[in-house]
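Participant: This is the structure I want to talk about, given as structure tokens.
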Amino acid sequence: MEYLGNFEFWQYAVFTGVFFTSCFLQGVIGFGAGAFGIPILYFCGFEIDTAIAAITIASMTQSGIGAWKLSGFISWPATVRPGLIRILFILPGVLALDYLNHYYESPEESRQLIQQSIGLVLILIVLTKGLIKLETQEELPVIWEYIAFSISGVMLGFIGMGGPAVALWAMCQPWNAKQSRGFLFAMLFYGMIPLAVILVWQFGATSTVGLILGILGLPVVFLGTEIGMRVGNKLDRNKLQRYALVALFLIGLSAIVKPYVMG
């Protein structure tokens, strides 16, 4: 596809480094692929749907492997309803992204708006994870399931970051660590396949390019994930998570103020 040749060498180098780092961080602390990878790729000149599609391949691969390894700890019937809720709300998120993409007549102004939206989402993720303290409940009201997974679906389609809402919901369940991780992997895997289809349907060639780049980057995905999991098993994950949240906050803040500083 000719469009693949439109990127400069440094962009391919950045893409490779971002792919590795994103998968490494997710392997170490359990999140970070989309939150780190998508904003950086977008800031480096990749279209937003191209960045989301590329990270979709990485997340799909990681979560598929994780769900397979932890399949014995997953109650598969319990994943059906939340998985369907999440999938149904992906399309509104993608349509919202497309709306912002054409909000201004100037592509540059629309790009700045999306950039600031990404920054706001990142800061909200940090505040949510850092400030909200959740307690395990034996039977969480079903309304919270609908709220969490609809928000997750919208955010997945809008900005490629649907994990935080699901993670917060799972933290309230009376599950052990492997049950929680298995459920999260299953949810991530369910969502990525329809997300990829909807992106290609809505955006066409630019999303297709992202999927192709993601597939070509799979060796980097495997390498980053494997190294990240090994490092994560040896280091203090809570401390690493705090560092990651600080980094996310700084990325989000820079995304919000950059248009004003550069303007």
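The values are calculated or read from the model by the stated rules, or taken from the named source; none is laboratory data. Note that the structure is predicted; figures quoted are calculated from it, not measured. Counting neighbours? That spans all protein chains shown, and the Cβs are built from the backbone with ideal geometry, glycine included.
Participant: I need a count of the residues in region 251-263 that are of a type outside the set (Ser, Thr, Tyr) and either closer than 11 Å to Phe36 by Cα or modelled with pLDDT under 75 (or both).
Facilitator: 7
Participant: So is Leu84 crowded, with 17+ Cβ neighbours inside 10 Å, on the phi < 0 side of the Ramachandran plot and not β-branched (Val, Ile, Thr) or not?
Facilitator: No; evaluated as a whole, the condition is false for this residue.
Participant: Would you pick out the residues in region 36-79 that are among the β-branched types (Val, Ile, Thr) and more than 15 Å from Leu188 (Cβ to Cβ)?
Facilitator: Of everything in region 36-79, those that are among the β-branched types (Val, Ile, Thr) and more than 15 Å from Leu188 (Cβ to Cβ) turn out to be Ile40, Ile48, Thr50.
Participant: Exactly one of (1) part of a helix (DSSP H, G or I); (2) surrounded by 18 or more Cβ atoms within 10 Å (Cβ to Cβ); (3) at pLDDT below 90 is unmet by Met161. Its number?
Facilitator: Here Met161 clears every test but (1).
Participant: Which condition does Trp76 not pass, out of (1) touching a residue at least 60 places away in the same chain (Cβ under 8 Å); (2) surrounded by 13 or more Cβ atoms within 10 Å (Cβ to Cβ), if it passes all the others?
Facilitator: (2)
Participant: Okay, next question. Considering each of Ile147, Ile143, Ile90 in turn, give the residue that is surrounded by 13 or more Cβ atoms within 10 Å (Cβ to Cβ), more than 16 Å from the chain's Cα centre (by Cα) and at pLDDT 90 or above. Even if it seems obvious, please write down each step before you answer.
Facilitator: Details: Ile143 fails: surrounded by 13 or more Cβ atoms within 10 Å (Cβ to Cβ); Ile90 fails: more than 16 Å from the chain's Cα centre (by Cα).
Exactly one residue qualifies, and that residue is Ile147.
Participant: Could you tell me whether any residue of region 215-234 is crowded, with 19+ Cβ neighbours inside 10 Å, aromatic (Phe, Trp, Tyr) and either modelled with pLDDT of 85 or more or within 21 Å of Asp49 (Cα to Cα) (or both)?
Facilitator: No: zero hits.
Participant: Of the residues that make up region 30-41, is at least one part of a helix (DSSP H, G or I) and over 23 Å from Phe149 (Cα atoms)?
Facilitator: Yes, there is a match, as at least one residue in region 30-41 is part of a helix (DSSP H, G or I) and over 23 Å from Phe149 (Cα atoms).
This table checks each residue for (1) within 16 Å of the chain's Cα centre (by Cα); (2) of a type in the set (Gly, Ala, Ser); (3) more than 19 Å from Met192 (Cβ to Cβ); (4) at pLDDT below 85.
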residue	(1), (2), (3), (4)
Leu4	no, no, yes, yes
Phe7	no, no, yes, yes
Leu25	yes, no, no, yes
Ile48	yes, no, no, no
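Participant: Among residues belonging to region 93-106 that are hydroxyl-bearing (Ser, Thr, Tyr) and over 25 Å from Gly191 (Cα atoms), point out the one that is farthest from the chain's Cα centre (by Cα).
Facilitator: Among those residues, the one meeting the criterion is Ser106.
Participant: Considering only region 141-151, how many residues are under 18 Å from Pro194 (Cα atoms) and either touching a Pro at 6+ places or on another chain (Cβ under 8 Å) or in a loop (DSSP other than H, G, I, E, B) (or both)? Outline the logic, then answer.
Facilitator: The first filter runs over region 141-151 and keeps only residues under 18 Å from Pro194 (Cα atoms), leaving 149-151.
From the residues that got through so far, the ones that are either touching a Pro at 6+ places or on another chain (Cβ under 8 Å) or in a loop (DSSP other than H, G, I, E, B) (or both) too are 149.
Residues flagged as under 18 Å from Pro194 (Cα atoms) and either touching a Pro at 6+ places or on another chain (Cβ under 8 Å) or in a loop (DSSP other than H, G, I, E, B) (or both) within region 141-151 amount to 1.
Participant: Let me ask something else. Quick one: would you say Leu41 is crowded, with 19+ Cβ neighbours inside 10 Å and over 30 Å from Pro174 (Cα atoms)?
Facilitator: So Leu41 passes the test.
Participant: Within region 128-172, which residues are polar (S, T, N, Q) and either free of Cβ contacts under 8 Å to residues at least 12 places away in the same chain or within 14 Å of Gly34 (Cβ to Cβ) (or both)?
Facilitator: Across region 128-172, the qualifying residue is only Ser152.
Participant: Something else about it: State which residue is farthest from Ile251 (Cα to Cα) when the search covers only region 126-140 and only residues that are assigned to a helix (DSSP H, G or I), aliphatic (A, V, I, L, M) and more than 15 Å from the chain's Cα centre (by Cα).
Facilitator: The extreme case among them is Leu131.
Participant: Which members of region 112-140 meet the condition of being β-branched (Val, Ile, Thr) and surrounded by 15 or more Cβ atoms within 10 Å (Cβ to Cβ)?
Facilitator: Matches in region 112-140: Ile114, Ile118, Val121, Ile123, Ile125, Val126.
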